[in-house]
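The values are calculated or read from the model by the stated rules, or taken from the named source; none is laboratory data. It should be emphasised that the depicted structure is a prediction, and the values quoted were computed from it without experimental measurement. Cβ placement follows ideal geometry from the backbone for every residue including glycine, while neighbour counts extend to all protein chains displayed. When the accessible area is computed, the model is the full protein with side chains, heavy atoms only, and any ligands, DNA or RNA have been set aside. Shrake-Rupley method; radii C 1.70, N 1.55, O 1.52, S 1.80 Å.
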Amino acid sequence: MKPKKGAEITIKIDSLVYGGNGIGQVEGYKIFVEGVAPGDIVRARMKKARSSYGEGRLLQVLEPSPLRVQARCKHFGTCGGCKWQFLDYAEQCKVKEQQMRDAIHRIGGLEEHLVQPLIPNATPWFYRNKMELSFGTGPDGKVMLGFYPPGYHYEVFDLEECFLQSELLVEIVKKVRDFANEHRVPVYNSHTHEGLLKTLTVREGKNTGEVMVILTTSTSVFDHKAAFASLFEGDERITSVYWNTVYQVEGHPTWVEENRLFGKEALTEALILEDGQQLEFDILPQAFFQTNTKQAELLYSKVVELAALTGEEVVFDLYCGTGTIGLFCAHKARHIYGIEVNEAAVESARGNASKNKIENATFLLGTVEARLAELKEKPDVLIVDPPRAGLEGEVVSQCASFGAGKIVYVSCNPTTLARDLKAFTALGCAVKVVQPVDMFPQTHHTESVTLLEKNG
C-alpha cells in the first residue's frame with residue numbers, strides 16, 4: 001500500500017537520478033527524496049503521492065551511507081549551489097556516468113556501450129571562472145551579499161566562504177558588502193521597484209590571472225560610483241571594474257547599459273588544448289563563456305578530435321557563444337560559420353577571431369532557425385552547443401536535412417540530449433560515441449560531446 005501525503009516513512013535510498021534527487025522504494029512504490037546519498041536509510045515526510053511515484057522531504061538520516069563525506073563549506077545545507085558536497089567525488093563521477101547511460105538507453109533508445117567513461121575534473125574545487133551574487137537586506141536593515149537559499153527569492157544569506165571560484169571571490173564580496181553598508185546604498189526591492197543594488201558578478205581568467213568585477217544596479221541614482229571604483233584601484237589583480245544599469249520597462253525587452261569605471265574593456269582568458277593549440281579570448285561583461293576553464297580545454301579537445309577536420313570542410317557552429325569551439329576548429333577547416341542569438345557574444349566572437357588572426361570564420365547574429373534557412377553554404381560538419389532545453393523546434397530536422405557527414409553535439413543536459421539523439425537517428429544519423437565530461441563537480445550537472453555520422 002502506497003504511503004499517503006503527509007505520512008512519515010523510513011526508506012533506503014538505492015540511487016541518484018538526474019537532477020540530484022535520491023530514489024528508493026516502499027513496497028515497490030518509488031519515492032524521490034532530495035539531499036540524500038545512495039545507501040542512506042532516512043526518515044522522510046511524503047510531500048506528494050501520485051499514482052506511480054511519490055516525493056518525500058528529508059527529516060533525518062537514520063543510517064548514513066558509507067559514500068557520505070563531510071561537506072567542506074560552512075554554508076552547505078543553506079546554499080543550494082553545490083548540493084553534492086556530501087558525496088565522495090569519485091562516487092559523484094560514477095553517478096553522473098551512469099545517469100548518462102540511463103538517459104541514452106531509456107530516452108534515446110540507444111545502447112549504453114556508446115557512452116564512454118566520464119572524464120573527471122582534476123581539480124574539483126576552485127574551478128569556476130564566474131560567480132554572480134545577489135544583494136539583500138537583513139532583519140537589522142544591513143546590506144547582505146550572497147546567494148538565495150533553495151526556494152527563496154527575496155532573502156539572501158551573507159557569503160563568508162566559497163570553494164567553487166577562488167579565495168579572491170570572498171575577499172571581493174566582503175569589500176563590496178562593507179562598502180554598501182558604510183555608504184548606506186539601498187538594495188533594490190522588486191516589489192516596490194525602489195532601491196539600487198541588484199547583483200555583483202566576479203569573472204576570472206584562470207589561465208591569465210585577470211579579474212573583472214561587475215556591479216549591477218537599477219536605474220536609480222548611484223552617488224557612490226567613484227567610491228566603488230576606488231575600492232579596487234591599486235589592486236593589480238583587478239583588471240576591469242564595471243557598473244551596469246538594468247533598464248526594465250513593461251512591454252519592452254530588458255536591456256543593460258554597461259559603464260566601465262576603469263581598466264580593460266574585456267577580460268582576456270586563454271584556452272590551451274591537448275594538441276598544443278592556444279587561443280586568447282576577450283570576454284565582455286555579458287558574454288557567455290564556459291564557467292570551467294580547465295575542463296573546457298578538455299571538452300573542446302574532444303570536439304576537435306571527433307570533428308576530424310582535414311582542411312577542406314565547411315563547418316557550421318550553432319549556438320556558438322563567443323566563438324570558442326569554432327575558432328579552435330578554424331585552422332583545420334575551409335570556413336567556419338557561427339550562429340548566436342546573443343549580440344554581446346557575437347561581438348566577442350568577431351573580436352576573438354580578429355585577436356587570434358583567424359580570417360576564415362564568420363559569425364552571424366540571429367536565431368539558429370532563421371540563420372540556417374538563410375545560409376546558402378552547405379556544411380560538411382555541424383557543431384551544435386545548445387542551451388539546456390536542447391535543439392527545440394525544427395532545428396533537428398534542419399540539421400539532418402543538410403546531409404553533413406558529421407554532427408558533433410555538445411550538451412549540458414543528458415535528458416534533452418537523449419531526446420534529440422533519438423530524433424536524429426530517426427532521420428538517418430548514427431550515434432557513434434557519447435563522451436561525458438564533468439564540468440561541474442559538487443553538483444549533479446554533466447556536460448558531454450556526442451559524435452553522429454550520416455548513415456551510408
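Using the structure shown, decide if Lys264 is in contact with a Lys or Arg (Cβ under 7 Å, 6 or more places away or on another chain), open to solvent by 20 Å² or more (accessible area, probe 1.4 Å) and under 30 Å from Phe328 (Cα atoms). For Lys264, the condition - in contact with a Lys or Arg (Cβ under 7 Å, 6 or more places away or on another chain), open to solvent by 20 Å² or more (accessible area, probe 1.4 Å) and under 30 Å from Phe328 (Cα atoms) - is not met. Being touching a residue at least 24 places away in the same chain (Cβ under 8 Å), closer than 17 Å to Glu97 by Cα and either open to solvent by 10 Å² or more (accessible area, probe 1.4 Å) or in contact with a helix residue (DSSP H, G or I) (Cβ under 7 Å, 6 or more places away or on another chain) (or both) is not true of Val408. If the condition is being part of a loop (DSSP other than H, G, I, E, B) and under 29 Å from the mean Cα position of the chain (by Cα), then the stretch 13-62 contributes Val17, Tyr18, Gly19, Gly20, Asn21, Glu34, Gly35, Val36, Ala37, Pro38, Gly39, Asp40. Total residues in the stretch 281-305 satisfying the condition of being of a type in the set (A, V, I, L, M), open to solvent by 10 Å² or more (accessible area, probe 1.4 Å) and assigned to a strand (DSSP E or B): the figure is 0.
Of everything listed in (1) surrounded by fewer than 24 Cβ atoms within 10 Å (Cβ to Cβ); (2) within 21 Å of Arg334 (Cβ to Cβ); (3) modelled with pLDDT of 95 or more, the single unmet condition for Phe363 is (1). Figure legend. Inter-residue proximity from the stretch 412-441: first residues within 26 Å of Glu297 (Cβ to Cβ) and part of a loop (DSSP other than H, G, I, E, B), second residues open to solvent by 30 Å² or more (accessible area, probe 1.4 Å) and among the aromatic types (Phe, Trp, Tyr), beta-carbon distance below 7 Å, spacing 6+ or different chains. Indicated pairs: Pro441/Tyr89.
Among all positions in the stretch 316-327, there is at least one residue which is in contact (Cβ under 8 Å) with a residue 60 or more places away in the chain, touching a Pro at 6+ places or on another chain (Cβ under 9 Å) and open to solvent by 30 Å² or more (accessible area, probe 1.4 Å). When the criteria are applied in full, Ala37 meets the requirement of being under 18 Å from Trp84 (Cα atoms), in contact with a Lys or Arg (Cβ under 8 Å, 6 or more places away or on another chain) and of a type in the set (A, V, I, L, M). Of Ala270, Ala308, all but one fail to be open to solvent by less than 10 Å² (accessible area, probe 1.4 Å), in contact (Cβ under 8 Å) with a residue 60 or more places away in the chain and of a type in the set (Gly, Ala, Ser); the exception is Ala270.
Looking across the stretch 214-234, the residues that are closer than 17 Å to Pro186 by Cα and not β-branched (Val, Ile, Thr) come down to Leu215, Ser218, Ser220, Phe222, Asp223, His224, Lys225, Ala226, Ala227, Phe228.
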